[in-house]
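Take a look at the structure below.
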Amino acid sequence: MENPLYKGDDKTGGYQFYVYDREGEECFRCKTSIVKEEISSRKTFFCPNCQQ
Ligand SMILES: [Zn+2]
């Protein structure tokens, strides 16, 4: 019940899972700091260098 946004997200599900809640930590691909973004109170985490 805590992660409904992963449901059906086949394209980025794995990557989102990896970076989730890791703001400021290193991206596992390029070592860039992971960024958090909040859109409509929905948190999204991504690497600004190699996001799809
Ligand atoms: Zn990256």
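Sticking with the crude label model, points 7 Å out along Cα→Cβ, report the distance from Lys43 to Glu25 in nm, one decimal please.
The modelled label-to-label distance comes out at 1.2 nm.
Using a cut-off of 11 Å between beta-carbons, work out the net charge of the residues near Glu37 (Lys and Arg +1, Asp and Glu -1, Glu37 not included).
With Lys, Arg at +1 and Asp, Glu at -1, the net is +1.
Tally Lys/Arg at +1 and Asp/Glu at -1 over every other residue whose Cβ is under 12 Å from the Cβ of Glu25; what's the total?
Values: positive: Arg22, Lys31, Lys36; negative: Asp21, Glu23, Glu26.
My count for the surroundings of Glu25 gives 0.
For the stretch 26-31, in order, what is each residue's ³J(HN,Hα) by Karplus, 6.51 cos²θ - 1.76 cosθ + 1.60 with θ = phi - 60°, in whole Hz (x at glycine and Pro)?
Each residue's phi maps through the Karplus curve to give 7, 5, 6, 8, 10, 6 Hz.
Bear in mind that the values in this text are calculations on the coordinates, not laboratory data. This is a predicted model, so every value here is computed, not measured. So basically every Cβ, Gly included, is an ideal-geometry build from the backbone, and we count neighbours across all protein chains shown.
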